[in-house]
Amino acid sequence: MKTHCQHHEVSCFVASTPQSYCLDDEPRQVAELKFPDKLPGELYNADIQCKWQFGSKARLCTYDFGKVVFNPKHIRKRYNKNFS
């Protein structure tokens, strides 16, 4: 439900803003967008994504940084003495 103030503000915007010319005519029909069926990681491998983000010489780093596997039970045991 529009109030008088909202109607006045919209009218002032349309009357005084050069960008509002697009509101003067009826919208035209545009083609419907078709999105890919796959996610970006399925369409583009890690090397390609690294090149886009960091430049043409970038590639996926395969060095093992000694990843630690997250174990929620370990955290609960450490911080909750009553955990069984």
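Values quoted throughout were computed directly from the atomic coordinates according to the rules given, and no laboratory measurement underlies them. For clarity, every value in this text was computed on a predicted model and none was experimentally measured. When we count neighbours, we look across all protein chains shown, and the Cβ atoms used for this are built from the backbone with ideal geometry, even at glycine.
Quick notes on this one:
- The label-point distance for K57 and L43, in a model that sets each label 7 Å from Cα toward Cβ, rounds to 2.9 nm.
- Taking the average, over residues, of other Cβ atoms within 10 Å as the packing measure, peptides 25-32, 43-50, 10-17 rank 43-50, 10-17, 25-32 from highest down.
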